[in-house]
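Asks: Got a structure for you, questions after.
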Amino acid sequence: MNRMIKKAILPAGGLGTRFLPATKASPKEMLPIVDKPMIQYAVEEAQACGIEDFIIITGKHKRAIEDHFDSAFKLEESLKKSGKKKLLEEINRLNQLNFAYIRQREALGLGHAILCAKPFVKDEPFAVLLSDDIIDTDAHLLRDMINLYKEFESPVLALQKVPISEVNKYGIIDGTKEKDKIYRVNNLIEKPSAAEAPSDLAIIGRYILTPDLFGALEDVRPGKGGEIQLTDALSGLLKKRQIYGYLFTGKRYDAGDKLGYLKATVDLALKNTELSVAFKEYLVKTVEKIKTKQ
Ligand code: UTP
């Protein structure tokens, strides 16, 4: 079991503008995919890698996240009384985890959100998971990244190849391939144009980071969009130490975007044992109807 990476930071302080008006007064991270809020998928993914301490960066209108991971005594009693054992187990599954919440007073960017966790991380490596990136857990991305960290004792960024027309949505790396799926990072650029992009290797929402990142974050001036960008801090850190990228070839959904959210919902519903048969039947009929109309 992983003994090195014990903490995970889950930044959830963003405004979620791509999901307005749903996110006007409710957190994007609490939008359900089938029957669980997005953020719970990320927590369970980290829990499966032996992580038990979670630091969630919140902001305005984000209190529902704290309530979600709190114990729900009355609900538990009622489920016990009505003999709903399976639901009770489901609700209790996260009870042994520790959650701490830090409020990011202003949404000043992902880098700023991570910097808010500095007093609570101290001198140890940690994972960062962006909960609106839903990762197919069968692919064990986080576990592979932790193993890579153990080998190199250097920060590890999850990478995915993206179409060149989409590089302007991501931090893009210039890297040298060391082994299958493993890159040594030479440079990073936040949201480059297609012409500026050094590659099609985009940084996605899973990171294993080291505490010296906090110093690099403190040195960063607001970059693209006036935000404190994590990519800029990683560029600063790169002057002092090596950073590795791990190419993820499994399924990822950008569920912070409406289309990505819908795709995640469909695929996860198809995997859900209670729903898959009836949902598949419905989907097939719907697709047939669409085809006959075309
Ligand atoms: P996004 O780029 O998805 O931004 O942030 P957002 O504000 O959530 O959504 P849009 O783009 O306006 O629709 C990636 C992750 O970083 C967190 C978000 O909560 C999300 O998990 N984040 C972003 C913060 O915690 N604080 C920030 O200031 C910005």
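Asks: Could you go through region 125-134 and let me know if any residue there is farther than 20 Å from PHE214 by Cα, more than 14 Å from the ligand (Cβ to nearest atom) and either out of contact with any Leu (no Cβ under 6 Å at 6 or more places or on another chain) or aromatic (Phe, Trp, Tyr) (or both).
Replies: Step one: of region 125-134, the residues farther than 20 Å from PHE214 by Cα are 131-134.
Still in the running and more than 14 Å from the ligand (Cβ to nearest atom): none.
Within region 125-134, not a single residue is farther than 20 Å from PHE214 by Cα, more than 14 Å from the ligand (Cβ to nearest atom) and either out of contact with any Leu (no Cβ under 6 Å at 6 or more places or on another chain) or aromatic (Phe, Trp, Tyr) (or both).
Asks: Moving to a separate point now. I need the full set of residues from region 178-214 which are part of a loop (DSSP other than H, G, I, E, B) and hydrophobic (A, V, I, L, M, F, W, C), in order please.
Replies: Start the filter on region 178-214 by keeping residues that are part of a loop (DSSP other than H, G, I, E, B), which leaves 180-181, 191-200, 210-212.
Hits for region 178-214 are ALA194, ALA195, ALA197.
Asks: Follow-up. Would you point out which residue out of LYS24, LYS84, LYS80, LYS28 is away from the ligand (no atom under 11 Å from the Cβ), among the charged types (D, E, K, R) and surrounded by 12 or more Cβ atoms within 10 Å (Cβ to Cβ)?
Replies: Numbers: LYS24 fails: surrounded by 12 or more Cβ atoms within 10 Å (Cβ to Cβ); LYS80 fails: surrounded by 12 or more Cβ atoms within 10 Å (Cβ to Cβ); LYS28 fails: away from the ligand (no atom under 11 Å from the Cβ).
Just a single option satisfies the conditions, and that option is LYS84.
Conditions tested, residue by residue: (1) β-branched (Val, Ile, Thr); (2) at pLDDT 95 or above; (3) more than 16 Å from the ligand (Cβ to nearest atom).
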position	(1), (2), (3)
TYR101	no, yes, no
GLU106	no, no, no
HIS112	no, yes, no
LEU115	no, yes, no
LYS122	no, no, yes
ASP136	no, no, yes
ILE146	yes, yes, yes
LEU157	no, yes, no
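Asks: Name the residues in region 266-294 that are open to solvent by 80 Å² or more (accessible area, probe 1.4 Å) and over 27 Å from the mean Cα position of the chain (by Cα), would you? Break it down into steps so the answer makes sense when it comes.
Replies: As a first pass, look at region 266-294 and keep what is open to solvent by 80 Å² or more (accessible area, probe 1.4 Å): 271, 273-274, 277, 280-282, 285, 288-294.
Answer for region 266-294, where residues must be open to solvent by 80 Å² or more (accessible area, probe 1.4 Å) and over 27 Å from the mean Cα position of the chain (by Cα): VAL277, LYS280, GLU281, TYR282, LYS285, GLU288, LYS289, ILE290, LYS291, THR292, LYS293, GLN294.
Asks: Filter region 57-75 down to the residues that are open to solvent by less than 20 Å² (accessible area, probe 1.4 Å) and assigned to a loop (DSSP other than H, G, I, E, B), then identify the one that is nearest to the ligand (Cβ to nearest atom). Reasoning before the result, please.
Replies: Residues of region 57-75 open to solvent by less than 20 Å² (accessible area, probe 1.4 Å): 57-59, 62, 65.
Pick out the ones that are also assigned to a loop (DSSP other than H, G, I, E, B) and you get 59, 62.
Numbers: GLY59: 7, LYS62: 9 Å.
The qualifying residue nearest to the ligand (Cβ to nearest atom) is GLY59.
Asks: Something else about it: Going by what's in this entry, would ASP35 be described as modelled with pLDDT of 95 or more, open to solvent by 20 Å² or more (accessible area, probe 1.4 Å) and away from the ligand (no atom under 16 Å from the Cβ)? Break it down stepwise before answering.
Replies: Values: modelled with pLDDT of 95 or more: no; open to solvent by 20 Å² or more (accessible area, probe 1.4 Å): yes; away from the ligand (no atom under 16 Å from the Cβ): yes.
No.
Asks: Take ASP219 and tell me if it is over 16 Å from the mean Cα position of the chain (by Cα), buried (at least 20 other Cβ atoms within 10 Å of the Cβ) and charged (D, E, K, R). Before the answer, list the steps.
Replies: Details: over 16 Å from the mean Cα position of the chain (by Cα): yes; buried (at least 20 other Cβ atoms within 10 Å of the Cβ): no; charged (D, E, K, R): yes.
For ASP219, the condition - over 16 Å from the mean Cα position of the chain (by Cα), buried (at least 20 other Cβ atoms within 10 Å of the Cβ) and charged (D, E, K, R) - is not met.
Asks: Within region 1-15, which residues are crowded, with 22+ Cβ neighbours inside 10 Å and near the ligand (Cβ under 7 Å from one of its atoms)?
Replies: PRO11, ALA12, GLY13, GLY14
Asks: Would you point out the residue of region 172-216, among those that are closer than 12 Å to THR231 by Cα and open to solvent by 30 Å² or more (accessible area, probe 1.4 Å), that is farthest from the chain's Cα centre (by Cα)?
Replies: The qualifying residue farthest from the chain's Cα centre (by Cα) is ASN187.
Asks: Continuing with the same structure: Show me the strands (runs of 3 or more DSSP E) entirely contained within region 108-171 in which 2 or more residues are in contact with an Asp or Glu (Cβ under 7 Å, 6 or more places away or on another chain). Give the derivation first.
Replies: Working: elements: 126-129, 133-135, 156-161.
Ranges flagged: 133-135.
Asks: Starting from region 104-119, take each residue that is over 12 Å from ILE55 (Cα atoms) and open to solvent by 40 Å² or more (accessible area, probe 1.4 Å) and list its partners that are within 9 Å of the ligand (Cβ to nearest atom) and of a type in the set (A, V, I, L, M, F, W, C), counting only C-beta distances under 6 angstrom and pairs at least six apart or across chains.
Replies: The qualifying pairs are ALA107/LEU15; LEU108/ILE228; LEU110/LEU230; HIS112/ILE228.
Asks: Identify, by number, the condition in (1) surrounded by fewer than 19 Cβ atoms within 10 Å (Cβ to Cβ); (2) within 14 Å of the chain's Cα centre (by Cα) that GLU45 doesn't meet.
Replies: Only one criterion is unmet by GLU45, namely (1).
Asks: Right, next: Just to check your reading of the model, which residue among LYS240, LYS263 is out of contact with any helix residue (DSSP H, G or I) (no Cβ under 6 Å at 6 or more places or on another chain), among the basic types (Lys, Arg), assigned to a helix (DSSP H, G or I) and open to solvent by 40 Å² or more (accessible area, probe 1.4 Å)? Explain how you work it out, then say what you get.
Replies: Details: LYS240 fails: assigned to a helix (DSSP H, G or I).
Result: LYS263 is the single residue among LYS240, LYS263 that is out of contact with any helix residue (DSSP H, G or I) (no Cβ under 6 Å at 6 or more places or on another chain), among the basic types (Lys, Arg), assigned to a helix (DSSP H, G or I) and open to solvent by 40 Å² or more (accessible area, probe 1.4 Å).
The values are calculated or read from the model by the stated rules, or taken from the named source; none is laboratory data. Worth saying up front: this structure is predicted, and the values here are computed from it rather than measured. Glycine gets a Cβ as well: all are built from the backbone with ideal geometry, and neighbour counts include every protein chain shown. All accessible areas refer to the heavy atoms of the entire protein, side chains included, with ligands and DNA or RNA removed. Shrake-Rupley method; radii C 1.70, N 1.55, O 1.52, S 1.80 Å.
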